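The values are calculated or read from the model by the stated rules, or taken from the named source; none is laboratory data. It should be emphasised that the depicted structure is a prediction, and the values quoted were computed from it without experimental measurement. Please note: Cβ atoms are built from the backbone with ideal geometry, for glycine as well, and neighbour counts cover all protein chains shown.
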Amino acid sequence: MKRFFIFLGMAGMVLASHAQNHNHQMQNAFDQFRKQIQDDFEDFRSEINRDFIEFLRNPWKEFESEEPVPQPKEDPVPPVVMPEEDKDKPVEDNPVVIEDVVKPVPVTPQPQPIKPIEEVPVVEEKTVAFTFFGTEGKVRYDGSKTFQLNGLEGNAVADAFSVLATEAYDNVICDCLALRKKFHLCDWTYLLMLKAMSEKLYGPGTNEATLLMAYVYMQSGYRMRLAHDGQKLYMLYASRHIIYGQTSYGLNGEMYYGLETLPARLYISEAAFPKEQSLSLLITDRQQFAIAASAERTFQSSRYPDFKVTTSVNKNLMDFYNSYPTSYYNDDFMTRWAMYANTPMEGGLKASLSKQFGKLLAGMGQLAAVERLLNLIQTGFVYEYDDKVWGNDRAFFPEETLFYPYCDCEDRSILMTRLVRDLLGLKCILIYYPGHLACAVNFTEDVKGDYIMVGGKKFVVTDPTYIGASVGRTMPDMDNAKAKVILLE
């Protein structure tokens, strides 16, 4: 019997050895397959880069710029204070018909490299640290493969581009894409991050920094074109949105903009990259910037004195919002407000507000909760016209309304819809009247007042600029025939 067990043990060892050899062979085969796939990717990408470089050598065509699109100007409707004698009048159901409905800008996946790019060992690895909006990033690069532009004609740019289009700069691309993922960067933030990184390596405003930024941007999957005016190299980025007040160039049905003021005429290379995508100005995720807390502010409701909150916002986020260009989508300037209203609130601020409002709203029904939020925004913020404060119309992201000393109707409505959705989970819409922006809430309880039916749902008017008015009351003299409903996510 003892010999039998010894035999079984030896047999088990043999089988285990065979299994290990088999697994080892399988792993080797998989590694070889993976390497072959990666080699194929690199060969394909190298071939595309070679084609792009050869196209750069072709003569660059001269183009004239398009006139900047002026931001629409309207005579703003001043805030209205509801007469005291009207505040206690009963609110009756009153259907309001608004037929024009503006849909949100569609969300699409962020651009990606034409083929996966993996980090590689380099001859002389160096690391450079840089900051964007108070946030540190780091990238690795090959210090033995720096380049210099010896002119701006096609051959000179192509020669410099040939240095970039080697494995020496693959780690830069990998690290930049990793930062985009780590900090949840939208397309606009990513572009400005690349500018900061490139200028750290090659100096602010240099043509070399512009070319490096353009290379990493293009390899990341974005649509761009290189241009020059004889002295300076420009990177033109394509945008899905029409940006107000900026010089642009129209090429093959796409609008191209620059990160600096563009001259009236440019020589532009029309060299393109496969599957390139235009930049989107949507901000679908919280930008994870380092925190630089602002001074605290306290907001208090006039009607409900115990209903007050204290806030502090991230000044790095304010700097980012200051860089954000005002735009519209699909030839409809109404789309811009939804882009602000649908942007998620910064995580720390949202958590603070949820904690404070959670205590204040505990046990309340939906109507009572919205009434308090509404009066807080109506009476706890100071109204002022954008033209007087900024010199032009400027919509605020929710955090900006909590940061700056003044706000107007659009800022209040954007903040109101963000709070109602985040705190109460109720759907909201914006309502545009010529010169005025209000909002409405889809209660799941029976709430009376002026209401609009949208998609089979009842949205009750809630106007943060009709001072002292309760839920369900429309500000006087609003023209419903010219009004539009702006859908929110």
In region 128-166, how many are assigned to a loop (DSSP other than H, G, I, E, B) and surrounded by 17 or more Cβ atoms within 10 Å (Cβ to Cβ)? 5
Spot the failing condition for K115; the list is (1) at pLDDT 95 or above; (2) over 19 Å from L226 (Cβ atoms), and only one is missed. (1)
Right, V77: surrounded by 11 or more Cβ atoms within 10 Å (Cβ to Cβ), within 30 Å of the chain's Cα centre (by Cα) and in the same structural domain as Y321 (by TED's automatic domain parsing) or not? no
Return yes when V123 is modelled with pLDDT under 90 and over 30 Å from H228 (Cα atoms) and no when it is not. yes
Can E92 be described as charged (D, E, K, R), at pLDDT 60 or above, exposed (fewer than 10 other Cβ atoms within 10 Å of the Cβ) and under 30 Å from D332 (Cβ atoms)? no
Tell me which residues, restricted to region 281-332, are of a type in the set (D, E) and modelled with pLDDT of 95 or more. D285, E296, D306, D319
State yes or no: is N392 of a type in the set (S, T, N, Q) and modelled with pLDDT under 95? yes
